[in-house]
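The values are calculated or read from the model by the stated rules, or taken from the named source; none is laboratory data. What you are looking at is a predicted structure, and each value in this text was computed from that prediction instead of being measured. When we count neighbours, we look across all protein chains shown, and the Cβ atoms used for this are built from the backbone with ideal geometry, even at glycine. In case anyone asks, the SASA skips ligands and DNA or RNA and just uses the protein heavy atoms, side chains included. Shrake-Rupley method; radii C 1.70, N 1.55, O 1.52, S 1.80 Å.
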Amino acid sequence: MMNRKLISPGPTGTQWAAVSILLGIMAWTAIGHGATASHWSHTTDADFKAGAFDNVVATNLGDLKLSRRIKVLLEQDPQVSSVYSMARTGDGTVYAATGPRGIVLRIQDGLVERALTLGQTTNLLSILAMDDGTLLLGTGGDRGRVLKVDPKQPKAKPVEIFSSPDVQYIWDMRRAPDGMLYLATGPHGKLYEVNPEGKSRVLLDSDEHNLLGLIFDGGDMLYFGTDPNGLVYRVNRHSGESFILYDAPESEVSALALDGRGNLYAGTSEAIEGANFDTATGGVSGRPEGKTTGMSIPAEPPKNPAPPPIPSPNPGEPKPIPKSPAQGLLLDRGWDSLRVQSAMMGLVEVGDDSGSLTPPGTAPKPALAGGALSPPPGSRAGAAQVKPEGNAIYRIDPEGFVSEVFRQPVMILSILEQEGRLLVGTGSDGLIYQVDPGAEETIVLAKAQGRQVTAMLGAPDRRVVLGLANAGSIAELGAGFAPTGTYVSPVLDAVQISRFGKARLHGRLPDGASLSFATRSGNVQDPSGQGWSAWTHDQPANEFLAIDAKPARFLQYRLTFTTTKTDQSPIVDEVDVAYQSPNLPPVVKSLKVAAAAPPAAAEATPAPGTVADHSHMTVTWEASDPNADPLRYSLSLRDSERSPWVLLKEGIKETTFDWDTRQTADGRYQLRLLASDALANPPGAGRDNSRVSDPVVVDNTPPAIGDLELTRRGDVLTATFRAVDQTGTVAALDYSMDSTEVWQAALPLDSICDSPEEPVRLEVSKLTPGPHRLTLRATDSRGNQGYVNVLAPAEVPAGEKAPGGD
């Protein structure tokens, strides 16, 4: 699928910002103890990316600093939707090839004007500047052509120097010192060579659809990427020998760059329709060894009469953010930080917000059919989004080894190598990245609102001209830092109305750089509406800064970066904000009492004649503290609603208790759990809360068996008795003869065991002559068992009465 550089509408910048605020609120919530300070601590790029950026960027090392200076040269030409390629002539003039109206723009001395207009339905996909000042233009449409034009003669008819029925797109062009012209084409994946006389030949006929990102090493080798299999090719232009350097996991390799050491960088731009994606960088933490993290700011000793002055940095080290000697430390507050992350990003914008924000990815390239724009064969029309795992830049060293140096949820549309660093133009929200492969540093330099960075052209003074699409325009990325910028944190949620303590900043302030800090607060989630306080005055940065915002539930802080030197920027690598919530009582959600579970090694069914231990109960509960204070619990019990509570156990740290009921009289009870945070707060400031259990029965006494009468006639023994339980009900009756392990169930006179007292009459027949022993057993509803063992009378003549039991 071809999906490079065509523009498609998407959600507006305001809609993306709303998502960022919502996710930020969810991710930045921190809860702390009632007696100590809680903290929001921002130290990583993921922490900072949930905020709003204006001429400020967050690096992957967790640093905030000023972005590169941006100047918009052309806001938007209504006849230009995409700037596809740019070239510079010998006199320094820059020309830009655009679509869909075949307009060539001239950029000179910071001014942009139309140089040529070739037609109403012409996409100019590539451009080369010739030594004589003329231009070569590669087109896309029903038939891809290479046209030679003279920008100084705008009315002269273009001269066609290449055309082929197999070619619809001239994606890229390169010209060798010997005058040979090389064309990367589609949709049949052919590499053409055109000699100075205009004769052409196919140098490589690949199995791919499109050849993209063609570059030349100045000697023998040509390199390009492909679609749809994501291959990186190397072709010897003299011998025609080709070799695949890398088969990328992504389907499209769209942009290539070479550095001075012979390393080849290949950027991918695979997209899928309807994909959801996460803009968090994820997984990256720490810094490469030897990379400075800035001078740490020492903590002031607590309450010393004359604290020592803060030493100046050692010679050659950058100046840190100063500590104000007039501001002491919050010695009564802990600095344990709660590190949370967010997944959305807000960055510096280029231009206005009048255009739609393009979702990550682009739709297929346009072709011309009957005077209208249409996608090329095999492509899918409509908005395309980058796949969830994003796209990458791969470094292929001269030995052929491949390593990944960049991965983000963006489509990589252009790469510019500049002094060992890579500038990366993307098609996801128009982000411009700077990648330093040696330092393992990735930062966002700028964001083109509603646009895609389809082309970049560097200048000797490190300025970069940007060609943008979706809202076709031209911008210039300066060599130095922007003079000023701001960072506004996400909305920080303290869950409840809280008072704010101090903010701690860590970073560096070089000569000529300054930094200020301001806050605002509110009790509604959306800070853009009414109900929030105004921003406090900007305080010059110090290590510890008082937060002047009024007590509230929500807080935002703002950092303002300023520099008078284009090569210096303030840097902030940590912001820690302290707040304190009022102490709230614990919450006890549940209290349950159940029979203790038997040990794992115990039998599920007791052996005959035995019974499990029913004297232990397990008490469990769920409780929490809104301030995250550690809780202590106590249990009490009573036998009626009018009885006083009697302490059962106090000082419990766990949320479970093993209750041995043998120390409690049989009866019906309630348990009360009291949860307290008193130990986590000053004396008298603790809060507690309680919950009462459902009634629970304590019954450790077995049923009694009495009023026993035995009668034997021949081989039949008749027994009558009563089974009585004082607390519960009789649940089961059985008997055994001669102490065997076989128990026979018996029923009371009413045939159902459901009462505290059950009369029983049972007969045992087929007794052998001689004495026998009868064992009776009664089991109550709690599993307690009572026994009676008697000697059965010998056989007696009719009319005589047998003696009673033992």
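Can you confirm whether the stretch 4-19 contains a residue that is surrounded by fewer than 24 Cβ atoms within 10 Å (Cβ to Cβ), outside any strand (DSSP E or B) and either at pLDDT 90 or above or in contact with a helix residue (DSSP H, G or I) (Cβ under 7 Å, 6 or more places away or on another chain) (or both)? Scanning the stretch 4-19 turns up no residue that is surrounded by fewer than 24 Cβ atoms within 10 Å (Cβ to Cβ), outside any strand (DSSP E or B) and either at pLDDT 90 or above or in contact with a helix residue (DSSP H, G or I) (Cβ under 7 Å, 6 or more places away or on another chain) (or both). For the stretch 550-585, a residue qualifies if it is part of a loop (DSSP other than H, G, I, E, B), of a type outside the set (Ser, Thr, Tyr) and surrounded by 22 or more Cβ atoms within 10 Å (Cβ to Cβ), and exactly one does: PRO570.
Restrict the check to the stretch 100-112 and report whether at least one residue is closer than 29 Å to LYS190 by Cβ and open to solvent by 10 Å² or more (accessible area, probe 1.4 Å). Yes, that holds for at least one residue. Counting only residues that are under 22 Å from PRO626 (Cβ atoms) and within 29 Å of the chain's Cα centre (by Cα), the stretch 548-575 holds 4 of them. For the criterion of being farther than 20 Å from LEU128 by Cα, in contact (Cβ under 8 Å) with a residue 12 or more places away in the chain and among the polar types (S, T, N, Q), THR226 passes. Could you list, in sequence order, the residues of the stretch 628-671 that are in a loop (DSSP other than H, G, I, E, B) and either touching a Cys at 6+ places or on another chain (Cβ under 9 Å) or within 27 Å of THR729 (Cα to Cα) (or both)? Residues satisfying the conditions are ASP639, SER640, GLU641, ARG642, SER643, THR664, ALA665, ASP666.
For the structure I just gave you, tell me whether LEU203 is part of a strand (DSSP E or B) and either open to solvent by less than 10 Å² (accessible area, probe 1.4 Å) or free of Cβ contacts under 8 Å to residues at least 24 places away in the same chain (or both). Taking the combined requirement at face value, the residue does not satisfy it. Counting the residues of the stretch 733-779 that are among the charged types (D, E, K, R) and under 15 Å from VAL716 (Cβ atoms) gives 3. Among the residues of this structure, GLY219 does not count as one that is over 30 Å from GLY390 (Cβ atoms), touching a strand residue (DSSP E or B) at 6+ places or on another chain (Cβ under 6 Å), modelled with pLDDT under 95 and not aliphatic (A, V, I, L, M).
In this structure, does ALA778 turn out to be over 30 Å from SER590 (Cβ atoms), touching a Gly at 6+ places or on another chain (Cβ under 7 Å), small (Gly, Ala, Ser) and open to solvent by less than 20 Å² (accessible area, probe 1.4 Å)? When the stated conditions are applied, ALA778 passes them.
Table: residues versus (1) surrounded by fewer than 18 Cβ atoms within 10 Å (Cβ to Cβ); (2) of a type in the set (A, V, I, L, M); (3) in a strand (DSSP E or B).
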{"residue": "TYR233", "(1), (2), (3)": "no, no, yes"}
{"residue": "HIS238", "(1), (2), (3)": "yes, no, no"}
{"residue": "LEU245", "(1), (2), (3)": "yes, yes, yes"}
{"residue": "PRO249", "(1), (2), (3)": "yes, no, no"}
{"residue": "SER254", "(1), (2), (3)": "no, no, yes"}
{"residue": "ALA257", "(1), (2), (3)": "no, yes, yes"}
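For the stretch 183-200, filtered to residues that are surrounded by 16 or more Cβ atoms within 10 Å (Cβ to Cβ) and closer than 13 Å to ILE161 by Cβ, the residue that is farthest from the chain's Cα centre (by Cα) is SER200.
GLU113 meets the conditions (1) outside any loop (DSSP other than H, G, I, E, B); (2) touching a residue at least 24 places away in the same chain (Cβ under 8 Å) in every case but one. The failed one is (2).
Look at (1) surrounded by 19 or more Cβ atoms within 10 Å (Cβ to Cβ); (2) touching a Pro at 6+ places or on another chain (Cβ under 9 Å) and you find that ARG261 fails only one, number (1). With respect to the conditions (1) touching a residue at least 40 places away in the same chain (Cβ under 8 Å); (2) assigned to a strand (DSSP E or B); (3) buried (at least 20 other Cβ atoms within 10 Å of the Cβ), LEU61 falls short on a single one, namely (2).
Taking the stretch 696-736 as the range and being open to solvent by 10 Å² or more (accessible area, probe 1.4 Å), among the polar types (S, T, N, Q) and in a strand (DSSP E or B) as the test, the residues that pass are THR711, THR718, THR720.
Screening the stretch 146-180 for residues that are more than 24 Å from THR117 (Cβ to Cβ) and not in a loop (DSSP other than H, G, I, E, B) and picking the one that is most open to solvent (accessible area, probe 1.4 Å) gives ARG175. Among residues of the stretch 678-714 being within 28 Å of VAL730 (Cβ to Cβ) and of a type in the set (S, T, N, Q), the one that is farthest from the chain's Cα centre (by Cα) is THR711.
Being at pLDDT 90 or above, surrounded by 24 or more Cβ atoms within 10 Å (Cβ to Cβ) and either closer than 15 Å to VAL83 by Cα or not charged (D, E, K, R) (or both): is that true of ALA455 here? The answer is yes for ALA455. Just one of (1) without any contact (Cβ under 8 Å) to a residue 24 or more places away in the chain; (2) over 41 Å from the mean Cα position of the chain (by Cα) fails for LEU128. It is (1). Regarding the stretch 674-690, can at least one residue be identified that is open to solvent by 40 Å² or more (accessible area, probe 1.4 Å), part of a helix (DSSP H, G or I) and either among the small types (Gly, Ala, Ser) or without any contact (Cβ under 8 Å) to a residue 40 or more places away in the chain (or both)? Yes - at least one qualifying residue is present in the stretch 674-690.
If I filter the stretch 750-772 down to residues being surrounded by 11 or more Cβ atoms within 10 Å (Cβ to Cβ) and either in contact (Cβ under 8 Å) with a residue 60 or more places away in the chain or among the aliphatic types (A, V, I, L, M) (or both), which single residue comes out as farthest from PRO703 (Cα to Cα)? Per the stated criteria, the residue is LEU767.
One residue stands out in the stretch 494-504 among those that are open to solvent by 10 Å² or more (accessible area, probe 1.4 Å) and farther than 16 Å from THR536 by Cα: the one that is nearest to the chain's Cα centre (by Cα), namely VAL495. Taken across the stretch 505-516, residues that are buried (at least 23 other Cβ atoms within 10 Å of the Cβ), of a type in the set (A, V, I, L, M) and within 27 Å of the chain's Cα centre (by Cα) do occur, with at least one present. Only one of the numbered conditions (1) open to solvent by 10 Å² or more (accessible area, probe 1.4 Å); (2) in a strand (DSSP E or B) is violated by GLY478, and that is (1).
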